[in-house]
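Heads up, the thing below is written out as structure tokens.
Here, each number is a calculation from the coordinates, and none is a lab measurement. None of the values given here were measured: they were computed from a predicted structure. Cβ coordinates were reconstructed from backbone atoms using ideal geometry, including for glycine residues, and neighbour counts include every protein chain displayed.
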Amino acid sequence: MVQNTPYGRDRTADLKDQATDQFERMADKATDQFNKVADQVEGVAGRVAEQGREMGEKVQVVADNFKGAVNKSVKDQPMATLAMAAALGFVLGALWKS
């Protein structure tokens, strides 16, 4: 049997309204937390992307320097360069095999 409150609404409707309000507050809090986490993840991803781009640029500079050094070595001392390449190939082959 439904009991009416002095205000004309039954107790079930009041409990339903309270539960709905509580659920809405919890949903709002969850949405706020999700947005905060999403903002933090976006910031971290931006920083990682920036660092990756900087590292790529630095690797490119090193590769260019290495290429220049190898070209100069081949031009100035071709036999020594060939010997170094053979030694490096031997070491890499030995490491690969083991």
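Treating only the Cβ atoms of Lys and Arg (+1) and Asp and Glu (-1) as charged, compute the dipole magnitude of the chain about its Cα centre; round to the nearest 20 debye.
660 debye
Compute the long axis of helix 78-97 from its Cα atoms, compare it with the longest principal axis of the Cα atoms of the chain, and write down the angle in degrees, 0 to 90, nearest 10.
Between the helix axis and the principal axis of the chain, the angle is about 50 degrees.
Name the long-range amide H neighbours of residue 10: under 5 Å, sequence gap of 5 or more, or other chain; modelled H, no Pro or chain starts.
Excluding prolines and chain starts, which carry no amide H, the hits are 5.
Grab the DSSP H runs of the chain that are 4 residues or longer, score each as -39,500 (n - 2.57), total them, divide by all residues and round the 222 nm result to the nearest 500 deg cm²/dmol.
That calculation yields -32500 deg cm²/dmol at 222 nm.
Putting +1 on Lys and Arg Cβ atoms and -1 on Asp and Glu Cβ atoms, find which of 51, 79, 89 reaches farthest to the positive end of the dipole of the range 11-97.
Result: 79.
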